[in-house]
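The values are calculated or read from the model by the stated rules, or taken from the named source; none is laboratory data. Everything numeric here is computed off the predicted structure, so don't read it as measured data. Virtual Cβ from ideal backbone geometry, glycine too; neighbours counted across all protein chains shown.
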């Protein structure tokens, strides 16, 4: 796999089985299109019958040129069958083991993908969405140009974006199927967007913004290593919203009006890490809360930028979002965090009044 030797990868596959040969070939080519950079298989189980069947668990990394942290690696589980064919033992079957009940399926494990390569972005989609890939690629490369300047620490060599329709989305991201985009910022990062999207350019800028600002940061704490604070959602979403709206200080009036309703009803306590409380209990109320929370996060980070300058705001982001330190640990604003937060809360209320 890592040598990029397709002929060697296929050498022990039973060539008399066209569907197996096609599946094994596709598996190799897709992983290389994804930029596989590490490949660590281990045998987890062996069964014997008419054919030998081996369960193989693989840890691997994609689309990264930096060290891929162990807990960020993709994890695959496959069953491979072997049988004697004359004087050789050949691979006679290959299948993906289904994800567990709490796991989302990976796009490349569930669908045959087609790819387009742009200047900064690789986009991938199932074949039934291939006709839309050229448009997505244009939008994605434009989004990358917006997101790149915010990659102040480590810059992704390329961005990888999966595009899925509703039927794919329900398999890939069933745990978060109400959102239009997804990003896995880490040392092995990628993003995904749902097609069609109500505002494709914005969604791509937002998700690539996550990858740009959190690239190189492990997504999961290493067990037994250290105790880290939870990365504040208001901060990571705030900078992604800023990128999504191309640096604008406020979003559309419609979204601001939703935040205004919640503020007037006393549904926010002025703390950035506090959730906006819903106005009611219907699904629409929950959706309005989510919108209000995003607007609030956007305005909170913009306030830090506008009031204290880029150096202070981005140093704060590095310390709190990337290194997961407490906001109170940062002294570069020239005043205690409680005063910084209170001042920006007042500004947000004035903007949304």
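Report the residue count in the range 105-121 for those that are assigned to a loop (DSSP other than H, G, I, E, B) and surrounded by fewer than 17 Cβ atoms within 10 Å (Cβ to Cβ).
Adding up the residues that qualify gives 2.
Can you say whether residue 3 is in a loop (DSSP other than H, G, I, E, B), loosely packed, with under 15 Cβ neighbours inside 10 Å, modelled with pLDDT under 85 and at negative phi, as far as the supplied structure shows? Taking the combined requirement at face value, the residue does not satisfy it.
If the requirement is being in contact with a strand residue (DSSP E or B) (Cβ under 6 Å, 6 or more places away or on another chain), buried (at least 19 other Cβ atoms within 10 Å of the Cβ), modelled with pLDDT of 95 or more and not in a helix (DSSP H, G or I), which of these qualifies: 140, 144, 124?
The match here is 124.
Every listed requirement among (1) surrounded by fewer than 21 Cβ atoms within 10 Å (Cβ to Cβ); (2) modelled with pLDDT of 90 or more is met by residue 223 save one, (2). Considering the range 184-202, the residues that are over 19 Å from residue 110 (Cβ atoms) and modelled with pLDDT under 90 include one that is surrounded by the most Cβ atoms within 10 Å (Cβ to Cβ), namely 185. For the range 21-39, check the following and say yes or no: at least one residue is part of a helix (DSSP H, G or I) and without any contact (Cβ under 8 Å) to a residue 12 or more places away in the chain. Yes; the residues of the range 21-39 include at least one that is part of a helix (DSSP H, G or I) and without any contact (Cβ under 8 Å) to a residue 12 or more places away in the chain. Of all residues assigned to the range 336-348, none qualifies as being closer than 23 Å to residue 212 by Cα and part of a helix (DSSP H, G or I). For residue 336, the criteria (1) at pLDDT 95 or above; (2) surrounded by fewer than 16 Cβ atoms within 10 Å (Cβ to Cβ); (3) under 31 Å from the mean Cα position of the chain (by Cα) hold in every case but one, which is (3). Among the residues here, residue 115 qualifies as touching a residue at least 60 places away in the same chain (Cβ under 8 Å) and either touching a strand residue (DSSP E or B) at 6+ places or on another chain (Cβ under 9 Å) or on the phi > 0 side of the Ramachandran plot (or both).
State all residues of the range 40-64 that are assigned to a loop (DSSP other than H, G, I, E, B) and either surrounded by 15 or more Cβ atoms within 10 Å (Cβ to Cβ) or in contact (Cβ under 8 Å) with a residue 12 or more places away in the chain (or both); if no residue qualifies, say none.
50, 51, 62, 63, 64
When residue 321 is tested against the conditions (1) assigned to a helix (DSSP H, G or I); (2) under 17 Å from residue 250 (Cα atoms); (3) in contact with a helix residue (DSSP H, G or I) (Cβ under 7 Å, 6 or more places away or on another chain); (4) touching a residue at least 60 places away in the same chain (Cβ under 8 Å), the lone failure is (2). Does residue 172 satisfy the criteria of being surrounded by fewer than 18 Cβ atoms within 10 Å (Cβ to Cβ) and in contact with a helix residue (DSSP H, G or I) (Cβ under 7 Å, 6 or more places away or on another chain)? Criteria not met by residue 172. Inside the range 324-333, residues that are at pLDDT 95 or above, in a loop (DSSP other than H, G, I, E, B) and buried (at least 16 other Cβ atoms within 10 Å of the Cβ) make up a count of 2.
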